[in-house]
Every structure is written in structure tokens, then in C-alpha cells.
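Values in this text are rule-based calculations from the coordinates and carry no lab data. Please read these numbers as outputs of a predicted model, since none were measured by experiment. When we count neighbours, we look across all protein chains shown, and the Cβ atoms used for this are built from the backbone with ideal geometry, even at glycine.
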Protein chains: 2
Amino acid sequence: MPQDLEITENSEIKPLRTFKMILSYDGTAYHGWQRQNNGITVQEVVEDKLCRLFGNTPIRIQGSSRTDAGVHALGLCASFRAPESPYIPDWKVKKALNRLLPEDIRIRSAEIVPDDFNARFSAKGKSYVYMVNTGDNNPFTNRYCWHMDDMTCLDELAEAIQVFKGKHDFTTFTVEAHKYDDPVREILDTRIVTFGPLVGFYFLGTGFLYKMVRSMAGALMFVGRGRLKAADIKEMLEAKNRLRCKDTAPAQGLFLKRVFYEGDSWENDLPDRPPFWMY
Amino acid sequence: MPQDLEITENSEIKPLRTFKMILSYDGTAYHGWQRQNNGITVQEVVEDKLCRLFGNTPIRIQGSSRTDAGVHALGLCASFRAPESPYIPDWKVKKALNRLLPEDIRIRSAEIVPDDFNARFSAKGKSYVYMVNTGDNNPFTNRYCWHMDDMTCLDELAEAIQVFKGKHDFTTFTVEAHKYDDPVREILDTRIVTFGPLVGFYFLGTGFLYKMVRSMAGALMFVGRGRLKAADIKEMLEAKNRLRCKDTAPAQGLFLKRVFYEGDSWENDLPDRPPFWMY
């Protein structure tokens, strides 16, 4: 039997098609994106609902990124292959899936794409924002920000975040450098976005190492608090040594903002101000 | 033994003082403010921690308002009487309590006030905001907004909300009119505040009946969706009949914003835009 065909109950052969979905989720309740044995994950919740929607066909989805436990996504991309659903037409997949999913996972779009599309391997770039609340501790920001009320050196911070721009060996800023053949990545843009007491660190790059954004955010916090200068960040980066990284920022402040594919423009991705995730 | 004194272990008599606290909480996880037998409430969580902080003295707090299950507070006021803590000085009560409390309940201030202060009976007015998300369903707004993507008649809405201003019998807009000797309340100000797809209904009044804001918000939604006009709201109000109320808006969109006491000014209370609860 060819891999791309499946035999239904009445032996009717239905071709498989490739879907591309964009998802938003509040990661607070999940052990990250990727299916695992010791906790509920976003991937498994979505796969279970897709299976139901497509007439109990087991469906495995490929995510663009493996977000960690507690990390949020505004626009994670996922691809999967499925036959026609016995219940709903293709154009209703988004709506039907949103009815089945819990409120903390939302499908923003779902469309049929050429069969060579793969959410992970076709990705050309990604953007992330790491959020900090520099004001009073607030029950409504604790899910979405790291609280750090002594962060006052915003000018130095704006200089320090520029250090990461360009092509660098990011060994200092990952926890698993030994797992990569090549720990060099390219950061295309970095910015500081603020709104009232909320401060966001924006990163746009062609790829990121494991825990790289949270490691960069952890180091930047020392700059914001006046304990390090931009020059120290440069020195840490050049050391290519994980032991030089000061801290890994906690998961709840991290948002995977967008994943870019062939033909997508980098322009206009920068959020104008927090809390950008709400609108 | 006089009521205002208590005997400690070594029979030393410590006088009771009156504290005034301002609290913010995300109401999602709680069965409202008031202590009850069948669910966890904000009042009981705070009382338990206060008891611990003041050397196992049982402390009963008086809240300014009894918010319902799932309703949020930005500035609920609570008063209580307590002796000096064996562990901490008075000026550390806020900080010590925040260390003991879960992250979804935060103490914004705690101070000693004259003994005749009572958070409920001394209140001169309150403000509320009811939030609606008129854009895409979003995992980050579902906890704090009613989602209603066909709300397009904002001009009519701005006219309709004015109908509530002034002194009226609000029998149509409460579920327990029979429990009140006098169902007349005075609304001092109403506004529509918007930011992107987020729309807030602001109400400032000297007092509110049970479920009054959610009943007014429920009726206003019909206006926003083009199904009722401002004149219909006026007619509903004048009917003084609960059966005329169309809908009660769900709890998660409601925020108790502020409680006013002698000497507090109504000015500058209006939030300039949502999501005002984050900053």
C-alpha cells in the first residue's frame, strides 16, 4: 500500500493532503509543545482533536518549534497530512477544531498547501519576544511576564541587545551546545519594546538554539539591573562558554511570535508595544 | 474581657488596630470573594495567611464587595482588626502577606486607619469595567474578556450606555430585586473605552445591586450587535421588570476597578484604554 493512501472501512481510497496551521496558545497549563510521556502537551491535545475530526484517522503533526513547558505561542506553525474528513469540508477545519479545543489553544488559520511543505524543515526564520514587568507585582501579568521591579537601566539594555545581532557562535547562550554540529546562528534584528512598566526583548533570527532566547534574556536582565554592561555581554558571547551565562529567564515570559516561510516578509513583525499578545 | 483586647500566651494584653488593604486578584481560580462552604474563595485564602502572619490569631476580614465566582478585582478594599504581629512590624504587612499569598492574589497596600473604618460600610462609591474582545478568539484574552466578534455598532453602544447615568430603579438589571428595600442606585459616569479589538464598558456609581453590571453589560451587547437600540435600553430600565433583561454577561469579563472612600476623588479613575489591568 502506498504511504500516501489509506484504506477506509469500505475500502474506498482517499488521498492524503498537506495542511498548514497557525496556532496561538497560552502555555501555562502545558508541558510544552512536544508529545511526551510525563505530562500533557499542546501537540497531543491538538493531535487528539484532529484524529476525531478526520474520522479517527491517527494524525501526527509536525511543529515548527518545540516550545518548553510554560512558554506561550502567538503563531506557532504546524503541518500534518490527512484524508478528507467524513464530517466536515476542508474550509471548516479551523472552526471545527476550535470548537473541540480548550480555550487556551486557538487555531488562527488552517489551509491546504503543497505536499513538500513541512512546518519544521521549511522554516526560514522565527521571532520571539521575552516579556518583563518592571512595575508592581500584578496578578494579571504574572502568567506572561518575568517580574523584576529593579530594572532601571533601559538605555544600557537597548545597547546590550544589539550585541546579539549578526552571525555568532551562541554556545554561551544554550544549554545543549554539544548536541549541535554547528552552534552558529544568525540574529537579524533585536529591539526593546516598552509600554508603561512592561518591557519586551524582541529577537528575529534564521534559527535559535535550545533555550537560547531565555539565556539571552537572563543575561540582559543583569544589564537592566545595572549589574552588567553591554561590553560584558559581548565578552560573554565571545567566550563561547556556557559557564559564563548568568541565568536562564523563566518560561512564562517567553512568546514564540511568528515563524517565517518562503515568500514571507520580515517587515512589520515587530510588535509596537506590549501587551501585543492580547490584540 | 473587652472585645478590643485579646489575651496572648503570656497574658500580655495587645490592643487591636484597624487595617485597610487594597487587593488585586485574578478571579479565574476562585469561587468569588466571600468565604463559603463549597469552594475556595479569595477571602478565605487571605484570612488564612493573615492568621498565620499575626501569630495564629483568627482574623475575619470585611470586603468592600462580594465579587462573584470568576470576577476579577483591581482594587477591592478590605478591612480587618489585628494585634501587633509577633513576627513582623506593621510596615512589612504588605510584603510579608504577598510572600505567603499565591501569585493570583496581590496586596497593593496595607495601612493602619482609624478604628471607625469599615471597607464595606464606609464605601462612598465603586467603579467597574466590563471587557469584551470583538476580534479573533484569543487564548490570552479569554480569561479577561467576553468574546463577541460580531459587535460592530460602537456608536449606538456609546449612546446606549449613557441611558444608565443618573438615579434609577435598577430592578430590571438585578437578579435579586426583592432582597433590596430600595432598588434605586445612582450611576455617576459611564464610558466606552477601546483599544484595538478590546472594548470596555466603564461604570462609576455610588452603589450597585447584585449582578447589576453584568446585567447592564448583557443588555448592551445586544446593542453592540445591532439587535437593540439605545431607546430599547431606556424602555427596559423604565419597565422595572427583570423579565425584560435579555442576558447576564459572563463573569470573566468583569473587573471591580476601585472603591472610593471619604476624601477620595472620582477624577482620573477612567482607564485610558484596555488592557488597563496589566499596567
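Would you kindly identify the strands (runs of 3 or more DSSP E) lying entirely within the range A:85-190 that contain at least 2 residues that are in contact with a Gly (Cβ under 6 Å, 6 or more places away or on another chain) and not polar (S, T, N, Q)?
Working: elements: A:105-113, A:125-133, A:166-169.
Answer list for the range A:85-190: A:125-133.
Go through the residues of the range A:133-150 one by one and say whether even a single one is within 14 Å of another protein chain (Cβ to nearest Cβ), over 14 Å from A:Leu237 (Cβ atoms), in contact with a strand residue (DSSP E or B) (Cβ under 9 Å, 6 or more places away or on another chain) and among the small types (Gly, Ala, Ser). Yes, the range A:133-150 has at least one match. Candidates are the residues of the range B:237-279 that are within 14 Å of another protein chain (Cβ to nearest Cβ) and without any contact (Cβ under 8 Å) to a residue 40 or more places away in the chain; the one that is surrounded by the fewest Cβ atoms within 10 Å (Cβ to Cβ) is B:Tyr279. Being surrounded by 14 or more Cβ atoms within 10 Å (Cβ to Cβ), under 28 Å from B:Tyr128 (Cβ atoms) and at the interface with another protein chain (Cβ under 10 Å from one of its Cβ atoms) holds for only one residue in B:Leu74, B:Leu97, and it is B:Leu74.
Condition check ((1) within 14 Å of chain B (Cβ to nearest Cβ); (2) surrounded by 17 or more Cβ atoms within 10 Å (Cβ to Cβ); (3) among the aromatic types (Phe, Trp, Tyr)) across all residues:
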residue	(1), (2), (3)
A:Phe170	no, yes, yes
A:Lys179	no, no, no
A:Pro183	no, yes, no
A:Glu186	no, no, no
A:Arg191	no, no, no
A:Gly200	yes, yes, no
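Which count do you get for residues in the range A:95-135 that are closer than 26 Å to A:Tyr202 by Cβ and not basic (Lys, Arg)? Before the answer, list the steps.
First, the residues of the range A:95-135 that are closer than 26 Å to A:Tyr202 by Cβ: A:104-109, A:119-135.
Narrowing further to those that are not basic (Lys, Arg): A:104-105, A:107, A:109, A:119, A:121-123, A:125, A:127-135.
Within the range A:95-135, residues that are closer than 26 Å to A:Tyr202 by Cβ and not basic (Lys, Arg) number 18.
Report whether or not B:Ala110 is away from chain A (no Cβ under 14 Å), crowded, with 20+ Cβ neighbours inside 10 Å and either closer than 22 Å to B:Asp26 by Cα or in contact (Cβ under 8 Å) with a residue 60 or more places away in the chain (or both). Criteria not met by B:Ala110.
Residues of the range A:196-218 that are in a strand (DSSP E or B) and either closer than 20 Å to A:Asp155 by Cα or of a type in the set (D, E, K, R) (or both): A:Leu198, A:Val199, A:Gly200, A:Phe201, A:Tyr202, A:Phe203.
Restricting attention to the range A:54-63, does a residue exist that is of a type outside the set (Asp, Glu), more than 14 Å from every other protein chain (Cβ to nearest Cβ) and closer than 14 Å to A:Ser24 by Cα?
Step one: filter the range A:54-63 for residues of a type outside the set (Asp, Glu), giving A:54-63.
Narrowing further to those that are more than 14 Å from every other protein chain (Cβ to nearest Cβ): A:54-63.
Narrowing the set further to residues that are closer than 14 Å to A:Ser24 by Cα leaves A:63.
Taking every residue of the range A:54-63 in turn, at least one turns out to be of a type outside the set (Asp, Glu), more than 14 Å from every other protein chain (Cβ to nearest Cβ) and closer than 14 Å to A:Ser24 by Cα.
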